[in-house]
1. Please get the size of the charge dipole for segment 105-149, origin at its Cα centre, with Cβ charges of +1 on Lys and Arg and -1 on Asp and Glu, quoted in debye to the nearest 20.
2. In what sequence do E145, E228 fall when counting other Cβ within 10 Å, fewest first?
3. Just how large is the dipole of segment 40-160 about the Cα centre, in debye to the nearest 20, putting +1 at every Lys and Arg Cβ and -1 at every Asp and Glu Cβ?
4. Report, by chain and number, residues whose modeled amide H sits under 5 Å from the one on F48, excluding near sequence neighbours (fewer than 5 apart, same chain).
5. Taking the highest mean first, how do the peptides 118-131, 29-42 order by number of other beta carbon atoms within 10 angstrom per residue?
6. Per residue of segment 129-146, what does 6.51 cos²θ - 1.76 cosθ + 1.60 with θ = phi - 60° give for ³J(HN,Hα)? Whole Hz please, x for Gly and Pro, Karplus curve as stated.
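Any read-out appearing in this document is the output of simple, stated calculations on the displayed coordinates, not a laboratory observation. Keep in mind it's a predicted model, so treat the numbers as computed, not measured. FYI the Cβ positions are ideal-geometry reconstructions off the backbone, even for glycines, and counts take in every protein chain you see.
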Amino acid sequence: MSLLASDTSTPTLPRIPSKAVSVLSKKPSNACFGGVVTIEVGAEKKAFVIHKDLLSYYSDYFRAVFNGSFKESVVRKLCLVHEDVDVFDIFNAFVYTNQLRDKNGVIGKDLSTFMLVRLWLFGEQHLVPALQNAAADALMERMAEYDKSPFSIMTHIYALTIDGSPLRRLVIDSQVHRAACNKDHLAKWPQEALVDLAMAFSDRTPTSRKGSKIPVSHDKCCYHVHSEGEHC
Ligand SMILES: [Zn+2]
């Protein structure tokens, strides 16, 4: 019987089929607000007390941790020592409010690009598709408003994602269809990102040019993580 789990024993789960909700408009039922569990985050072990079934509703990772396949396995506390408290604080707010909001009340697209990318990556690692999709939407809104791509963190994004990742596609497409290319920035990009950028430019239609919006056919679900058959 285990009462304490650690993130050093990350369960290996298939991404599809997923039980975690991926459509932001779907809300959890009252049944999600039963028992609670404690998650200690970061080296300082900041404790978050969260409804267990709410975590399971949003995350296949946390469902696996707190609803293990062995009946005798009862986990009430999880330590995520390598996670960032600020990122987890926004995730905690998200499962209760369906909104990306930090401790200072900064919301959605007004969060920093770096924070939105970190939230997306947290969602990837902990199998929280709705969080990834909310972060992707906020990134798209942010890039549209400020008319620039997150070029300065391409190395970070490419180091932590795999080929075909929706996050990679989102930032590459935004570079192709929206932001101006900057030679100094491109010189710092990883080679894989430059290849993706070249391929995306070669696929560009005559009507989509620098300064235009991402083509209508690229609806935001292009950059979402959904289970098969699910769509916003
Ligand atoms: Zn979608």
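1. Numbers: 4 positive and 6 negative charges, 24 e Å.
So the dipole magnitude of segment 105-149 works out to roughly 120 debye.
2. On the way: E145 10, E228 7.
Going from sparsest to densest Cβ surroundings: E228, E145.
3. That gives a dipole near 340 debye.
4. I39, E40, V41
5. Details: 118-131: 23.5, 29-42: 14.4.
So the peptides 118-131, 29-42, ranked by packing, come out 118-131, 29-42.
6. x, 5, 5, 4, 5, 5, 5, 5, 4, 5, 4, 4, 4, 5, 5, 5, 6, 9
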